[in-house]
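Notes follow once the structure below has been shown.
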Amino acid sequence: MFKFHIFIALLIPSALALYSPSGSNDSLPYLWPLPSDFTTGNATLSVDPQLSLAVAGNGGNSAIVKAAFDRYRGIIFKHTSGVSIFEQIWGRRRTFVYDISELKIVVHSDSEELQFGVDESYTLFVSKKDAQSIIGEATIEAPTVYGALRGLETFSQLCTFNYETKDVQIYQAPWYIKDSPRFSYRGLLIDTSRHFLPVDVIKHIIESMSYAKLNVLHWHMVDEESFPLEVPSYPNLWKGAYTKHERYTIEDAYDIVTFAKMRGINVMAEVDVPGHAESWGVGYPDLWPSPSCKEPLDVTKNFTFDLISGILTDLRKIFPFELFHLGGDEVNTDCWETVPHVKQWLVDQNMTTKDAYKYFVLRGQELAISKNWTPVNWEETFVNFPEGLNPSTIVHNWLRGGICPKAVAHGFRCIFSDQGVWYLDHLDVPWDRAYRADPLEGVSDFSQQKLIIGGEACMWGETADASNAQQTIWPRAATAAERLWSKNETVSGNITMSVLPRLSYFRCLLNRRGVEAAPVKNFYARRPPTGPGSCYDQ
């Protein structure tokens, strides 16, 4: 009666028929990311457009759960509300008994704390109540509200609007899904320094992240080009914004963090030091070693570190996530040796410029740790002085391969973002190369594998703004999302047959939900279609 699927369940050539509007399998519901384990049947169930919510467990009454149910009900029943215009005009009303009229959500914990490693597992059961099944209806059960959110996303992807019957249906029922993520950290970086992104655009990105079960927005807020964020303790910092209209107030930042939490997404802020910080000196010129040496920041002055401490103190009130990114990459210290007072300080401290770079990074880490943050630094800090980094440091790989294996061998945790595969601004990286990337490559020891906490797709903003941000992110960020959620076995075999049809389906799902995801198979990502054709074959 049931078919049992593990890992690469939809590995069937006939699935390619989905690309054709007349294909025999055009009703086959694909899931992205693929759940860990699931069984299906061969029945088709109808879903009541007046679908109601029933809750149970200590956390069932959470406002997060109720708000999510309302959001997903709006997505699922976008085309129908129970009575069609046709029925209203012609006065014909179908008498219809729906198979699924209630969604029950059971949440065991009443805690809504969202921190690294929160349990996002869930089970989902969908069945028609009949002689063989006394349960019926649809049930999501999860330890936490955030697991329930992931289950709601999966349920929404099971629901398909039938344009002929004009109702929502679930195919291949009954479904039993037992799901949990492969990695706890599944991130997306946005860069609001190179181009300002309005708050509503950031919220739209966060919403789209939830569709792929990503759970960390890495907000690279400031850089050498601009400083758009309000810092109450040092109010002149945002004089470094491009204009007075391209700024984020503290209230904006809090709104973004709250919006993300309602979707089970943490926001990790980044303040990159000591390089990438020229814009800081627009408001506070004393941070520049000299008018001709505007970065790295002045390592000799206590004011520099007092200001960094003030930034961290202010941001700690806004960003509850335990991880904070301190950057530390691409630090060119040459001009420090050309500034007399810095050069003399180096002599007095018996330091080279490399020593001073290390001193700056470690002092920044101490400040973050003093405010109960775990420091995250780009890989250059590990490459240059692994022996000096705080043991709690999380190394963020980006520049070259093989960094995570070296970092975990030293006992550090690591985030994988190899620019050769998961930098979304590298437009010539094809979907299959991005999909084949594995954060655990080169790490065979299980205890070391556990130190690789996940990965992140990075959308740097030099050539991306509000006009093309989503096309740059999607659908290639979805490849990282599935590799970070689903079991590693999804990459085995012919992924053109087992993965590409689902990825194309997910891209079209994003389009239907209002996300401007670009075609999957373009040589250069985010380019528009090259000619007429189906969304499913681009």
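The values are calculated or read from the model by the stated rules, or taken from the named source; none is laboratory data. Treat the numbers as computed from the prediction; the structure is a model and nothing was measured. Using ideal geometry, Cβ is built from the backbone for each residue, glycine included, and neighbour counts are taken over all protein chains shown. Please note that ligands, DNA and RNA were not included when accessible areas were found on the heavy atoms of the full protein model with its side chains. Shrake-Rupley method; radii C 1.70, N 1.55, O 1.52, S 1.80 Å.
Starting from the amide H of GLN172, placed 1.01 Å from N in the peptide plane, find each other amide H under 5 Å away whose residue is 5 or more places distant or on another chain.
Those lying under 5 Å, H to H, from GLN172 are ALA43.
List, in order, the whole-Hz ³J(HN,Hα) value for each residue of the stretch 424-440 obtained from phi through the Karplus relation with A = 6.51, B = -1.76, C = 1.60 and θ = phi - 60°; use x for Gly and Pro.
6, 7, 7, 6, 9, 8, x, 4, 6, 5, 4, 6, 6, 5, 10, x, 8
What residues have an amide H closer than 5 Å to that of GLU278, excluding those fewer than 5 places away on the same chain, when H is modeled at 1.01 Å from N in the peptide plane?
Excluding prolines and chain starts, which carry no amide H, the hits are GLU224.
Tell me, what is the percent relative contact order of the chain, built from C-alpha pairs under 8 Å that lie six or more residues apart?
15
Rounded to the nearest 500, what is the 222 nm mean residue ellipticity of the chain from helices alone, with -39500 (n - 2.57) per DSSP H run of 4+ residues and division by all residues?
Using -39500 (n - 2.57) per qualifying helix, the result is -8500 deg cm²/dmol.
With 23 Å as the limit, write out which pairs from LYS178/LYS203; LYS294/LYS406; LYS166/LYS521; LYS294/LYS358; LYS178/LYS521; LYS239/LYS294 have Cα-Cα distances beyond it, or answer none.
Table pairs above 23 Å Cα-Cα are LYS178/LYS203; LYS294/LYS406; LYS166/LYS521; LYS178/LYS521.
Extending each Cα 7 Å along its Cβ direction at TYR524 and LYS244, get the distance between those two points in nm, one decimal.
Result for the modelled spin labels: 3.8 nm.
What is the distance in Å between the Cα centroid of the stretch 157-230 and that of the stretch 42-62?
22
What ³J(HN,Hα) values, in whole Hz, does the Karplus curve 6.51 cos²θ - 1.76 cosθ + 1.60 give for the stretch 109-118 when θ = phi - 60°, with x put for Gly and Pro?
Values per residue, Gly and Pro as x: 9, 8, 7, 10, 5, 10, 9, 4, x, 4 Hz.
Quick one: 3J(HN,Hα) in Hz for the stretch 164-178, Karplus 6.51/-1.76/1.60 with θ = phi - 60°, rounded, Gly and Pro as x.
Values, residue by residue: 7, 8, 6, 9, 8, 10, 10, 8, 6, 7, x, 10, 10, 10, 10 Hz.
Between GLU113 and GLU251, what FRET efficiency follows from the Cβ-Cβ distance if R0 is 30 Å, with the result rounded to 0.05?
Efficiency for this residue pair is about 0.85.
Where in the stretch 176-198 does the label zone of GLU489 land, with the point 7 angstrom along Cα→C-beta and an amide N cut-off under 12 Å?
The answer is none, because no backbone nitrogen lies closer than 12 Å to the label point.
Once you have the Cα-Cα distance between LYS178 and ALA466, take 0.36 nm times their residue separation minus that, and quote the gain in nm to one decimal.
So the chain would gain 100.0 nm between LYS178 and ALA466.
By how many nm would the segment from ASP334 to MET497 grow when fully extended, if each residue of separation counts as 0.36 nm and the alpha-carbon distance is taken off?
Gain on extension, ASP334 to MET497, equals 53.5 nm.
Determine the distance separating the Cα centre of the stretch 372-445 from the Cα centre of the stretch 138-152; give it in Å without decimals.
Each part reduced to its Cα centre gives a spacing of 31 Å.
Rg and Dmax of the chain, Cα atoms, in Å?
25.1, 90
How would TYR163, TYR435 line up by accessible area, probe 1.4 Å, largest first?
TYR163, TYR435
Using a basic spin-label model with each label point 7 Å from the Cα along Cα→Cβ, how many nm lie between ALA67 and ASN511?
The modelled label-to-label distance comes out at 3.1 nm.
At a Förster radius of 25 Å, what calculated FRET efficiency corresponds to the Cβ-Cβ distance of SER233 and HIS426, to the nearest 0.05?
0.10
Could you list which residues have their amide H under 5 Å from that of LYS104, counting only those 5 or more apart in sequence or on another chain, with H placed in the peptide plane?
Here the answer is ALA54, ALA138, THR139, ILE140, since their amide H atoms fall under 5 Å of that of LYS104.
Taking 0.36 nm per residue of separation and subtracting the Cα-Cα distance, what length does fully extending ASP306 through HIS79 add?
My answer for the length gained is 76.1 nm.
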